[in-house]
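Structure record follows, encoded as structure tokens.
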Amino acid sequence: MFLYLGENRRIAALKDNISRYDAKKLEQKGIGAYFNGEFSFFMGEGKPGYEKAFYLNEDGTIRVEYEKIPPRQPTPEEVMQAKLDYIMMMAE
């Protein structure tokens with residue numbers, strides 16, 4: 001299995017059906033690491049308000065961390081609509 005790694009060795013994606021030779025070639029390009037074990041993005045428990053983040057440790061183990069989901073910011077359209085609603089309310 002090949003794990004595509006992002007910042008701080010965070011697992012971004014995986015490729016299950018890959019030969020060890022091809023995985024080692026990709027590893028040499030610095031975009032990830034060969035992993036000889038079991039891994040799935042479904043591992044770990046779900047926690048409301050948090051998302052799971054998986055990291056490949058230097059010793060070859062995988063750890064899961066729970067990162068708080070930031071509050072959703074309104075879109076520009078929603079901001080504009082809120083302003084228009086306020087203007088209409090004040091005009092009444």
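Every number here is computed from the coordinates shown, using simple stated rules; none is lab data. None of these values were measured; they are calculated from a predicted model. FYI the Cβ positions are ideal-geometry reconstructions off the backbone, even for glycines, and counts take in every protein chain you see.
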Residue under question is residue 54, and the condition is that it be touching a residue at least 24 places away in the same chain (Cβ under 8 Å), surrounded by 10 or more Cβ atoms within 10 Å (Cβ to Cβ) and in contact with a Leu (Cβ under 7 Å, 6 or more places away or on another chain); does it hold?
no
Show me the strands (runs of 3 or more DSSP E) found entirely inside the chain where at least 1 residues are among the aromatic types (Phe, Trp, Tyr).
2-5, 32-34, 50-56, 62-68
Filtering the stretch 33-46 down to residues that are exposed (fewer than 11 other Cβ atoms within 10 Å of the Cβ) and more than 23 Å from residue 17 (Cβ to Cβ) yields 45, 46
Restricted to the stretch 68-85, and to residues that are loosely packed, with under 10 Cβ neighbours inside 10 Å and either touching a strand residue (DSSP E or B) at 6+ places or on another chain (Cβ under 9 Å) or of a type in the set (Val, Ile, Thr) (or both), which residue is nearest to residue 12 (Cα to Cα)?
68
Any residue in the stretch 37-48 that is in contact (Cβ under 8 Å) with a residue 12 or more places away in the chain sitting within a Cβ distance under 9 Å of a residue that is among the aliphatic types (A, V, I, L, M) and assigned to a loop (DSSP other than H, G, I, E, B)? List the pairs, counting only those 6 or more apart or interchain.
37/1; 39/1
In the stretch 2-30, what residues are of a type in the set (Val, Ile, Thr) and more than 13 Å from residue 56 (Cα to Cα)?
18
Checking residue 88 against (1) exposed (fewer than 11 other Cβ atoms within 10 Å of the Cβ); (2) under 13 Å from the mean Cα position of the chain (by Cα): exactly one of these is not met. Which one?
(2)
